[in-house]
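Everything below concerns the one structure shown next.
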Amino acid sequence: MNQSSNPTHVEAPPRRFDFDLTAPDPIPESGIARANELMRSGRLFRYVEVADGETNDAALLETRFSELIGRRYAVGVNSCGSAMFVALRATGVQPGEPVLVNGYTLAPVPGAIQHTGAVPVLVEITENLTIDLEDLRKKAESSGARTLLLSHMRGHLPDLEAVSAVCDELGVALIEDCAHTLGARWDGRPTGTFGKIGCFSLQTFKHINSGEGGVILTDDDNIAARAILHSGSYMVYGQHQARPPMSVFEPLRGQVANYSLRMTALAAAVALPQLDLLPERVEKVNRLYRELETLVREIPYAHVIDRAPKEEYVGSSFQFALPDFSPEQISAVMRIANDYGLHVKWFGESVMQGFTSRPRQWEYVSSAQDLPRTEAILSKLCDMRVPATMQLESCQIAAEIIRFAIQEASAVD
Ligand SMILES: *Cc1c(COP(=O)(O)O)cnc(C)c1O
């Protein structure tokens, strides 16, 4: 890149970005101690015999989770992808059945639908990266779908009251994918409480790090019992605590397949003490997010995503759009930022990279070609992770690099 190509707007070269954006949250010492204890005892399976008055860590985590979000029942599984698969199965979704899903999401979300044999029906998004209610209505009516798997991708929340109302009106059951919204609320109410089921992730890059893990939350007796049986509880489901009465399971015995997608006691032990740290983590990432938002808002060509006043988000990642830039220019932004050590991601990449993809790249999904608006929005969208362990100064350096890279790239044609 010739830095003097645009002499009237010379930016000083930015400082080098010094922080590893893939840095996970460390496990608190109490979690490490408990994990060691479990490993010494070998009792890693959640259904080992427990002494009277003792509870397995997985059951404890379920209880804590249900209390934290405010739902009656919780079921631990081995990932959020599994949680969504089990949730869909537990509500009775059948092979061949259409299931609605917003087009801005992570690959395991249409994957969970396909895993049940159902057919993903993709719904357009708006400039705010949330589901387009008009298209939701249209696709629900044209497909006859009875279920919406609503993915709060990168933590962006639609008007959840409006979505619930549309679902009620259309007779569509709502399942929320809250992999990126643990700790987030809409108008004071936690995500995962708006639909029939909320699905959460404990994967390393989410808000609680147990390596792998997922949690299903619901208030529905029958769904909870089915989810517990599907998760692989054998006939020892009585060891669960955040579960419906034993009588609910009786008619389901032998009717519900065991998919062996259990949460391990070890994952639960590592996750448990992190629940106490959640408010602190949310505050930390939001401070960083707001710093980035303020600085990037000032950069010519960069468009920051608006967030609704009722949205209490967890800013664990930051998105901005470059609506006036060509693919070549956005590529140049990525390359220049990378040269300064800042690994920004781009949803418009021609081949899937890292964890980032967009609908057209899910070739097994037949409706993936039909989302022109979502494709157009994602083709301009950039993304970076905001780890809680990052410092405010790193946000300032990141913004300097983004500013510089955008300016340099604006001269590319
Ligand atoms: C990470 C993520 C998932 C999948 O979670 P896993 O626990 O990795 O299966 C689903 N949806 C969204 C929005 C995510 O960010």
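The values are calculated or read from the model by the stated rules, or taken from the named source; none is laboratory data. Note that the structure is a prediction, hence the values are computed from the model and not measured. Cβ placement follows ideal geometry from the backbone for every residue including glycine, while neighbour counts extend to all protein chains displayed. These area figures cover heavy atoms from the full protein model, side chains too; ligands, DNA and RNA do not enter into them. Shrake-Rupley method; radii C 1.70, N 1.55, O 1.52, S 1.80 Å.
The figures follow:
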| item | result |
| --- | --- |
| Restricting segment 242-281 to trypsin sites (Lys or Arg not before Pro) in coil, as DSSP defines it, with at most 11 other Cβ within 10 Å | R253 |
| Cα long-axis angle, helix 29-41 against the chain (0 to 90 degrees, to the nearest 10) | 40 |
| ³J(HN,Hα) computed for each position of segment 204-215 - Karplus, 6.51 cos²θ - 1.76 cosθ + 1.60, integer Hz, glycine/proline x | 3, 8, 9, 7, 10, 10, 10, x, 9, x, x, 9 |
| Separation of alpha-carbon centers, segment 50-74 and segment 122-190, rounded to whole Å | 28 |
| Percent carbon-and-sulfur accessible area, segment 18-70, ignoring ligands, DNA and RNA, probe 1.4 Å | 54 |
| Heavy-atom accessible surface of segment 223-330: percent carbon and sulfur, 1.4 Å | 52 |
| Nonlocal amide H pairs with I197, under 5 Å, H built at 1.01 Å | E176 |
| Calculated from backbone phi, Karplus (6.51, -1.76, 1.60) coupling profile of segment 121-129 in Hz, x at Gly/Pro | 10, 7, 10, 5, 10, 9, 4, 7, 6 |
| On Cα atoms only, tilt of 80-90 relative to the major axis of the chain in degrees | 50 |
| Tilt relative to the chain, helix 392-410 - C-alpha long axis, 0 to 90 degrees, to 10 | 50 |
| Ratio of Rg to Rh over the chain (Cα coordinates, Kirkwood Rh, two decimals) | 1.00 |
| Segment 26-98: chymotrypsin sites (Phe, Trp or Tyr not before Pro) in DSSP loop, at most 14 other beta carbons within 10 Å | F45 |
| J(HN,Hα) series, segment 220-233, from Karplus relation 6.51 cos²θ - 1.76 cosθ + 1.60, nearest Hz, glycine and proline x | 8, 4, 5, 5, 4, 5, 4, 5, 5, 5, 4, 5, x, 8 |
| Chymotrypsin sites (Phe, Trp or Tyr not before Pro) within segment 285-355: DSSP coil, no more than 15 neighbouring Cβ in 10 Å | F355 |
| Cα gyration tensor, segment 1-145 - rounded (a/c under 1.5), prolate or oblate | oblate |
